[in-house]
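Participant: Here it is, the structure, as structure tokens.
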Amino acid sequence: MKTTAIYFSPTGTSKRGCVAIANVLQAEAGQIDVTIAQNSHKQEFTSDEVVVFGAPVYGGRVFKGLENRLKQIKGNKTPCVITVTYGNRDYDDALLELADIASAQGFIPIAGAALIGEHTFGRIQVGRPNANDIDEDITFAKNILKKLQTGDSNYLQLPGNRPYIYGAEGMKPVGFIPSTNENCTSCGLCAEQCPEGAIDSEDYSKIDENKCISCFRCIRSCPVNAKNMETAAYKNFAEDFSKKMANPRENQFFL
Ligand SMILES: Cc1cc2nc3c(=O)[nH]c(=O)nc-3n(C[C@H](O)[C@H](O)[C@H](O)COP(=O)(O)O)c2cc1C
Ligand code: SF4
Ligand code: SF4
């Protein structure tokens, strides 16, 4: 079936699971990356296609700007797979919220997954999704194919609360605003790639604290390690949080 992976993925972990699943449904499935707000993502899908959505969990919810980014993407009773990726704490209401957003856009969620990815902060589940996680995604996708081929219309029930009860952390910035050190060559990559356009396009060391969502994309993508988050407050939080979140959780799949 014609398949498209649609993802918001500032540091690339949500993209990996989402694309791995999509590529089983169709070899070299299409991809729409909605990470950067300025890009146009207008697209309409038919009921003969499948879409796999992917996004990270932020404060137990999906990123607050995701609903708006997906407004231009329309389904026509198009079956879809909902995936959220989270950093080993919890996904709370995020999976249900992304399913609700997709449904409002004309998609029909037929499967869902809450996947483990390396946490943005600290050192939690570093390297995940790993090869074993991707194998699990592939097995899940094969089961989705069977469901699609047999026309199995099992009602999909996803965990979460309606109305959503999580979200305080996701609704307001967590306040970890990256700094820029003397390595900066003013290449401009971080400003181009910032999901919220928070980095000043004339002075790349200036970040609008009201726009920054602390996704750390600029830190991970800076070619000379100039962007960083090394304040004492962050380091203390990251050390403590990494200890608390050390026990690996499992991927969860819903069909
Ligand atoms: C602002 C923010 C809030 C987050 N909140 C949660 C959370 O509530 N639960 C959790 O397990 N992980 C949380 N994470 C970790 C991300 O969900 C995780 O690192 C994810 O893999 C990032 O996806 P990406 O690589 O596609 O950007 C949060 C990360 C950020 C930046
Ligand atoms: S990506 Fe790094 S080197 Fe390039 S402008 Fe941003 S901070 Fe400077
Ligand atoms: S400035 Fe903030 S929002 Fe922009 S990429 Fe960096 S951490 Fe993400």
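Participant: Going by the conditions given, is G127 touching a residue at least 12 places away in the same chain (Cβ under 8 Å) and either outside the structural domain of L25 (by TED's automatic domain parsing) or among the small types (G, A, S) (or both)?
Facilitator: Criteria not met by G127.
Participant: Take the conditions of a type outside the set (V, I, T), closer than 21 Å to D93 by Cα and without any contact (Cβ under 8 Å) to a residue 40 or more places away in the chain and apply them to P163. Does it pass? Before you say what the answer is, go through the steps one by one.
Facilitator: Details: of a type outside the set (V, I, T): yes; closer than 21 Å to D93 by Cα: yes; without any contact (Cβ under 8 Å) to a residue 40 or more places away in the chain: yes.
When the stated conditions are applied, P163 passes them.
Participant: Now, a different point. Name the single residue that is farthest from ligand 1 (Cβ to nearest atom) among those in the stretch 181-209 being under 22 Å from K235 (Cα atoms) and either in the same structural domain as Y58 (by TED's automatic domain parsing) or loosely packed, with under 14 Cβ neighbours inside 10 Å (or both).
Facilitator: Checking each candidate, the answer is E182.
Participant: Scan (1) away from ligand 1 (no atom under 16 Å from the Cβ); (2) in a loop (DSSP other than H, G, I, E, B); (3) touching a strand residue (DSSP E or B) at 6+ places or on another chain (Cβ under 6 Å) for the single condition Y91 breaks and write down its number.
Facilitator: The single condition Y91 does not satisfy is (1).
Participant: Right, Q149: open to solvent by less than 60 Å² (accessible area, probe 1.4 Å) and of a type outside the set (F, W, Y) or not?
Facilitator: no
Participant: Give the residues of the stretch 183-210 that are within 10 Å of ligand 3 (Cβ to nearest atom) and touching a Pro at 6+ places or on another chain (Cβ under 8 Å), sorted by residue number.
Facilitator: P195, I207, E209, listed by residue number.
Participant: Inspect the stretch 90-103 for any residue being at pLDDT 95 or above, open to solvent by 10 Å² or more (accessible area, probe 1.4 Å) and over 24 Å from N251 (Cβ atoms) and give the result as yes or no.
Facilitator: Checking the stretch 90-103: not a single residue is at pLDDT 95 or above, open to solvent by 10 Å² or more (accessible area, probe 1.4 Å) and over 24 Å from N251 (Cβ atoms).
Participant: Looking only at the stretch 133-151, decide whether some residue is among the charged types (D, E, K, R) and within 30 Å of N236 (Cα to Cα). Reasoning before the result, please.
Facilitator: Start the filter on the stretch 133-151 by keeping residues that are among the charged types (D, E, K, R), which leaves 133, 135-137, 142, 146-147.
Filter once more, so that each one left must be within 30 Å of N236 (Cα to Cα): 133.
Yes - at least one qualifying residue is present in the stretch 133-151.
The values are calculated or read from the model by the stated rules, or taken from the named source; none is laboratory data. Fair warning: this is a prediction, and the values are worked out from it, not measured in the lab. No Cβ is skipped: glycine too gets one built from the backbone with ideal geometry, and neighbour counts run over all protein chains shown. Areas reflect the complete protein model, heavy atoms only, side chains present, ligands, DNA and RNA absent. Shrake-Rupley method; radii C 1.70, N 1.55, O 1.52, S 1.80 Å.
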